[in-house]
Amino acid sequence: MNARAMLLGGLLGGLSALSGCASHTPLPKQQAALVVGLPLTLQIQRQQPPTSSENWLLVVQRENAGLRWSLFDPLGIPLARQQLLDGAWQNDGLLPPNGEARELFAALLFALTPSAALANNYDADSWQEHADGQRRLNPDWRIRYRAPVDFTLFGADGLSYLVHALPPKEPR
């Protein structure tokens, strides 16, 4: 192995260790009912300034004792699959871990939690709800609501997600 490869390997290992120490979006202490029933399909538009925009589809469904989160691109190709079981994320399927998706899913879970359930599910120093109904979740999330399942999540570095619920599919 040459010196360059060893240096690169050391840098990547160090960055990986540092990323493990970074603040993460908190998860609820217990599984609460959401403001809408499951399964839930959300259209998400990810916006990264100055011009980048992506559209995604997220399906959230209850499975046994946990929640399954499946994120797809517009062609139906899976981008992330996670299960929230016993208060922790677990990979679901063969997709590699996706840190951005996990953080987004945790922020969405907070945004979809009814106001009355916030105090029982999140530490008091991790969130705020303003008089106008807007919320903040540490370390980086602000939520601006237009309706209970129509809101914008504002994250770090100007990143934002426009979130809208899609109507449930009619049975055939």
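Does at least one position in segment 44-60 carry a residue that is modelled with pLDDT under 75, of a type in the set (S, T, N, Q) and surrounded by fewer than 10 Cβ atoms within 10 Å (Cβ to Cβ)? Within segment 44-60, none of the residues are modelled with pLDDT under 75, of a type in the set (S, T, N, Q) and surrounded by fewer than 10 Cβ atoms within 10 Å (Cβ to Cβ). Of the residues L108, L71, L137, the single one that is modelled with pLDDT of 95 or more, over 19 Å from Q30 (Cβ atoms) and of a type outside the set (S, T, Y) is L71.
As a summary of the residue check, L104 satisfies the conditions (1) farther than 23 Å from S53 by Cα; (2) touching a Gly at 6+ places or on another chain (Cβ under 9 Å) except for the one numbered (1). If you check D132, D125 for being without any contact (Cβ under 8 Å) to a residue 60 or more places away in the chain, assigned to a loop (DSSP other than H, G, I, E, B) and loosely packed, with under 12 Cβ neighbours inside 10 Å, only one passes: D132. Among the residues making up segment 135-172, those that are open to solvent by 50 Å² or more (accessible area, probe 1.4 Å), out of contact with any strand residue (DSSP E or B) (no Cβ under 6 Å at 6 or more places or on another chain) and part of a loop (DSSP other than H, G, I, E, B) are N138, D140, P148, P167, P168, K169, E170, P171, R172.
In the set E129, E103, only one residue is charged (D, E, K, R) and more than 18 Å from Q61 (Cα to Cα); that residue is E129. Residues that are more than 17 Å from L40 (Cα to Cα), at pLDDT 95 or above and aliphatic (A, V, I, L, M) within segment 149-158 comprise just one, L153. Under the condition of being within 18 Å of L67 (Cβ to Cβ) and either open to solvent by 60 Å² or more (accessible area, probe 1.4 Å) or within 16 Å of the chain's Cα centre (by Cα) (or both), the residues counted in segment 101-122 number 15.
The values are calculated or read from the model by the stated rules, or taken from the named source; none is laboratory data. Computed from a predicted structure; not experimentally measured. We place every Cβ from the backbone using ideal geometry, glycine too, and count neighbours over all the protein chains shown. The accessibility values were calculated without ligands, DNA or RNA, using every heavy atom of the protein model including side chains. Shrake-Rupley method; radii C 1.70, N 1.55, O 1.52, S 1.80 Å.
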